[in-house]
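Notes follow the structure.
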2 protein chains.
Amino acid sequence: MDSRFEEKEFVACCGSIKFAQQLAAAAGGSDNLEELVETARDIWFNKVDVNGWLEAFAAHPQIGQTSSPNTNTETSAQWSKGEQSTALATSTHSTLQELFDWNAQYRQKFGFVFLICASGRTTPEILSELKMRYSNRPIVELEIAAQEQMKITELRLAKLFAIKTTSKINNEI
Amino acid sequence: MDSRFEEKEFVACCGSIKFAQQLAAAAGGSDNLEELVETARDIWFNKVDVNGWLEAFAAHPQIGQTSSPNTNTETSAQWSKGEQSTALATSTHSTLQELFDWNAQYRQKFGFVFLICASGRTTPEILSELKMRYSNRPIVELEIAAQEQMKITELRLAKLFAIKTTSKINNEI
């Protein structure tokens, strides 16, 4: 299969190296978004182990911020900023402070950053979700976080796919 | 509450430091085994995060062996040997080799050692359980491993409790 996508582009979609390597090997040449996403879901939920999940979570900035010490690519940082644009536009000094405090409490309980597919969600919505999820058992919350990570990955794969398709059309004109 | 149990004694029962600290704080003076186990279950399943679970798993030797580079106490290593006595008595060179190979495969897929409450179980039983569990999704297997860890912890808490009770009686005679 020709390689349309590089492993490092998949790392920008989901920061687990195992995920990116396996996706590049299985669907690096795919020209079908649906198939690409299907393969990505199978790898993420069935093949990546808990260490890979934690590695991917660690690549995200804390919600309300736009960069993380572990954000592994520039693309990932830019996408994160875009995904949080509604939240940032609807935040005030006091809601941001509340988000910051709850984030710290969340990380203290669960050992990883609070993860939510923020696209189109306001800061009050995100805060209320965080407070609700805080009462979960750690194993339950781990699985929810992995599902949120997959939603983020799907949005990013779609963006990556669109970029590749546009550049292919431009090259052919 | 008087301290009957020390934190390091709880570490020998379950290698998560967070678990041992919280149990010592909540029930270090308990003279009721049922209450001690109940508190331990609550801490393990509701309060220890996934990093603590992985830390506890890492303190176990691979099944079929009796020491781990991470086994954090001498007591833990001795208990592990006792728990595996049936397995060791029922193993042959070839089943031990098979166990070794499947363990390696398991660790490769899940990122942690295969954990089973081996007490009273033969090597063929353990092998068949390992092969069955190998097909699980990583998140499912993580929760099963945590349940097995809790069974081991309960047996060890009961042993610890018995030792303390005997020594108290001896001191009083």
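The values are calculated or read from the model by the stated rules, or taken from the named source; none is laboratory data. Remember, predicted model here, so these are calculated numbers, not experimental data. We place every Cβ from the backbone using ideal geometry, glycine too, and count neighbours over all the protein chains shown.
To keep it simple, each residue is scored yes or no on (1) closer than 25 Å to A:Gly52 by Cα; (2) of a type outside the set (S, T, N, Q).
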site	(1), (2)
B:Thr86	no, no
B:Thr95	no, no
B:Trp102	yes, yes
B:Gly120	no, yes
B:Arg137	yes, yes
B:Glu148	yes, yes
B:Thr166	no, no
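Taking B:Leu88, is it more than 13 Å from chain A (Cβ to nearest Cβ) and assigned to a helix (DSSP H, G or I)? So B:Leu88 passes the test.
Residue-wise test of (1) under 26 Å from B:Glu143 (Cβ atoms); (2) not β-branched (Val, Ile, Thr).
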position	(1), (2)
A:Ser3	no, yes
A:Ala24	no, yes
A:Gly29	no, yes
A:Ala40	yes, yes
A:Ile43	yes, no
A:Val50	yes, no
A:Glu55	yes, yes
A:Glu74	no, yes
A:Tyr106	yes, yes
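Taking (1) in contact with a Ser or Thr (Cβ under 9 Å, 6 or more places away or on another chain); (2) more than 14 Å from every other protein chain (Cβ to nearest Cβ); (3) without any contact (Cβ under 8 Å) to a residue 60 or more places away in the chain in turn, B:Val113 satisfies each apart from (2).
Identify, from the list A:Gln21, A:Gln62, the residue that is surrounded by fewer than 19 Cβ atoms within 10 Å (Cβ to Cβ), more than 11 Å from chain B (Cβ to nearest Cβ) and either in contact with a Cys (Cβ under 6 Å, 6 or more places away or on another chain) or within 18 Å of A:Ile116 (Cα to Cα) (or both).
A:Gln62
I need the full set of residues from the range B:29-58 which are of a type in the set (Gly, Ala, Ser) and within 14 Å of another protein chain (Cβ to nearest Cβ), in order please. Of everything in the range B:29-58, those that are of a type in the set (Gly, Ala, Ser) and within 14 Å of another protein chain (Cβ to nearest Cβ) turn out to be B:Gly52, B:Ala56, B:Ala58. Kindly indicate whether any position in the range A:29-37 is in a helix (DSSP H, G or I), in contact (Cβ under 8 Å) with a residue 12 or more places away in the chain and farther than 16 Å from A:Leu155 by Cα. Looking through the range A:29-37, none of the residues is in a helix (DSSP H, G or I), in contact (Cβ under 8 Å) with a residue 12 or more places away in the chain and farther than 16 Å from A:Leu155 by Cα.
For A:Gln65, the test of being over 24 Å from A:Thr166 (Cβ atoms), in a loop (DSSP other than H, G, I, E, B) and without any contact (Cβ under 8 Å) to a residue 12 or more places away in the chain is passed. Only one entry of B:Lys168, B:Lys151, B:Lys81 meets the criterion of being more than 30 Å from A:Ile43 (Cα to Cα), modelled with pLDDT of 95 or more and out of contact with any helix residue (DSSP H, G or I) (no Cβ under 7 Å at 6 or more places or on another chain), and that entry is B:Lys151. Just one of (1) modelled with pLDDT of 85 or more; (2) over 17 Å from A:Glu148 (Cβ atoms) fails for A:Gly52. It is (2). Checked against the criterion of being within 17 Å of the chain's Cα centre (by Cα), more than 14 Å from chain B (Cβ to nearest Cβ), acidic (Asp, Glu) and not in a loop (DSSP other than H, G, I, E, B), the candidates A:Glu125, A:Glu154, A:Glu98, A:Glu141 yield just one match: A:Glu154.
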